[in-house]
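A.B. asks: Okay, handing you the structure first.
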Amino acid sequence: MVDLALLGCGHIHTPGFIKMIGKRTDVQVKSVWDHDAARGQGAADELGARFIGDVRTILSDPQIGGVVICSETNRHEELVTQVTQAKKHLFVEKPLGLGARDAYAMADAIERAGVKFQTGYFTRSWGPVHFVRDHLGRGSFGKVTRARYSVCHSGALEGWFDKQWRWMADHKQAGVGAFGDLGTHGLDVLIWLFGEVERVTATIRDGTARYPGCDELGEGTIVFKSGTIATLAASWDDWSNPMPMMISGTDAHAAIINDKLYFKSPKVPGADGKSPVPDDQIPQGWPHAFDLFLDAVTGKDVPLVGAREAAYRSAVMEAMYESSRAKSWVSPRQA
């Protein structure tokens, strides 16, 4: 049994992570901290853990084998610095940083500490994404001419961020609004598929204006160094998101429509694009990103998102927000 610590309970995914921990028999949360003592105590009670009001006391405990950070994004850097100094493995909820500067500083600290790291890019685990990545590796698509990823839900329309999660609609604490919060999942997949980014541009807007000063939707264009052009959409103002991914190349086309994968290629037998790809032809994919972290801290050899990967995504997303303000193309900052 590996003992964990939960540092910060502010992220909207925290309740889900608590449930995931509760389903396992190989990990448990021993200690909880949050700057909001009442919120931290509530999470501790749910986990059967102790609330401790001092991060240093928790990190000095030799029994703590891993740390989960679900705090507000503007608290990540301070917490990650302390965790890496204590040389504890860590999961940090996405996005890693407010932007390039703090994200790259955290990546440096994580790499120096030599600890295991993971962040919440769960879309990377999806079987259809693995199918597409596999065929890209085989060259089945030929030259990829364009791609699209869309990540949307009705969070602003239904007031998800009105109360408990209000900080996520505050740029000072979250660094981003809807476009960065949801779009980072699509951005992760696109970069995972197509590599380094040359330049970006985006239009990011407030939508319903339910959360003053915070964006609720956006649409961006990404030019990859490989020459592929991709578009990225993200929104808290959508009741449906029926087509999250599309990849088009000179030799093949793939699209996910209503959770079904369609694939057409004259060079791949049976790939007529008219019927969904049979389930037995789609890779199983990976467990949820958080479960992968729990697997890693218990000694399993599993794929994780690298700290520098996570930092690069923060840098690219920062460039997209800069491009929206400047109404121009922007190249992401390098480490």
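The values are calculated or read from the model by the stated rules, or taken from the named source; none is laboratory data. Computed from a predicted structure; not experimentally measured. So basically every Cβ, Gly included, is an ideal-geometry build from the backbone, and we count neighbours across all protein chains shown.
A.B. asks: Here's a check for you: in the range 97-151, which residue that is part of a helix (DSSP H, G or I) and of a type in the set (Val, Ile, Thr) is farthest from His253 (Cα to Cα)?
C.D. replies: So, considering only residues that are part of a helix (DSSP H, G or I) and of a type in the set (Val, Ile, Thr), the one farthest from His253 (Cα to Cα) is Ile110.
A.B. asks: Still on this model: Take the conditions in contact with a Lys or Arg (Cβ under 9 Å, 6 or more places away or on another chain) and either surrounded by fewer than 22 Cβ atoms within 10 Å (Cβ to Cβ) or under 30 Å from His135 (Cα atoms) (or both) and apply them to Glu216. Does it pass?
C.D. replies: no
A.B. asks: For residues that are among the acidic types (Asp, Glu) and in contact with a Gly (Cβ under 8 Å, 6 or more places away or on another chain), scanning just the range 207-230, find the one that is nearest to Ala156 (Cα to Cα).
C.D. replies: Among those residues, the one meeting the criterion is Glu216.
A.B. asks: Residues of the range 280-331 being assigned to a helix (DSSP H, G or I), farther than 11 Å from Gln118 by Cβ and in contact with a strand residue (DSSP E or B) (Cβ under 7 Å, 6 or more places away or on another chain), which ones?
C.D. replies: Listed by number, the residues that qualify are Val316, Ala319, Met320, Tyr321, Glu322, Ser323, Ser324.
A.B. asks: Please specify each residue of the range 57-101 satisfying the condition of being more than 19 Å from Arg166 (Cα to Cα) and hydroxyl-bearing (Ser, Thr, Tyr).
C.D. replies: Thr57, Ser60, Thr81, Thr84 - these are the residues of the range 57-101 that are more than 19 Å from Arg166 (Cα to Cα) and hydroxyl-bearing (Ser, Thr, Tyr).
A.B. asks: If I filter the range 278-335 down to residues being among the charged types (D, E, K, R) and under 21 Å from Ala174 (Cα atoms), which single residue comes out as surrounded by the most Cβ atoms within 10 Å (Cβ to Cβ)?
C.D. replies: Here the residue is Arg313.
A.B. asks: Now, a different point. Is at least one residue of the range 141-151 in contact (Cβ under 8 Å) with a residue 12 or more places away in the chain, of a type in the set (A, V, I, L, M) and surrounded by fewer than 21 Cβ atoms within 10 Å (Cβ to Cβ)?
C.D. replies: no
A.B. asks: Turning to a different aspect of this structure: Against the definition (touching a residue at least 60 places away in the same chain (Cβ under 8 Å), assigned to a strand (DSSP E or B) and within 30 Å of Trp160 (Cα to Cα)), how does Thr231 come out, yes or no?
C.D. replies: In short, yes.
A.B. asks: Which one of the conditions (1) part of a strand (DSSP E or B); (2) under 19 Å from the mean Cα position of the chain (by Cα); (3) hydroxyl-bearing (Ser, Thr, Tyr) does Thr184 fail to meet, given that it meets all the rest?
C.D. replies: Single failed check for Thr184: (1).
A.B. asks: Could you tell me how many of the residues in the range 4-21 are within 20 Å of Ala169 (Cα to Cα) and either outside the structural domain of Leu79 (by TED's automatic domain parsing) or aliphatic (A, V, I, L, M) (or both)?
C.D. replies: Residues in the range 4-21 being within 20 Å of Ala169 (Cα to Cα) and either outside the structural domain of Leu79 (by TED's automatic domain parsing) or aliphatic (A, V, I, L, M) (or both): 1 in total.
A.B. asks: Kindly establish whether Phe161 is crowded, with 17+ Cβ neighbours inside 10 Å and either in a helix (DSSP H, G or I) or not assigned by TED's automatic domain parsing to the domain that holds Ile191 (or both).
C.D. replies: no
A.B. asks: If you don't mind, there's one more thing I want to ask. Between residues in the range 41-59 that are assigned by TED's automatic domain parsing to the domain that holds Leu7 and of a type in the set (Lys, Arg) and residues that are part of a strand (DSSP E or B) and buried (at least 20 other Cβ atoms within 10 Å of the Cβ), which pairs lie under 8 Å by C-beta distance while being six or more apart or on different chains?
C.D. replies: Arg50/Lys30; Arg50/Ser31; Arg50/Val32
A.B. asks: Tell me which residues, restricted to the range 170-199, are crowded, with 24+ Cβ neighbours inside 10 Å and acidic (Asp, Glu).
C.D. replies: Those that are crowded, with 24+ Cβ neighbours inside 10 Å and acidic (Asp, Glu): Asp181, Asp188.
A.B. asks: Next question. Of all residues in the range 95-131 being out of contact with any helix residue (DSSP H, G or I) (no Cβ under 7 Å at 6 or more places or on another chain) and buried (at least 19 other Cβ atoms within 10 Å of the Cβ), which is nearest to Ala310 (Cα to Cα)?
C.D. replies: Trp126
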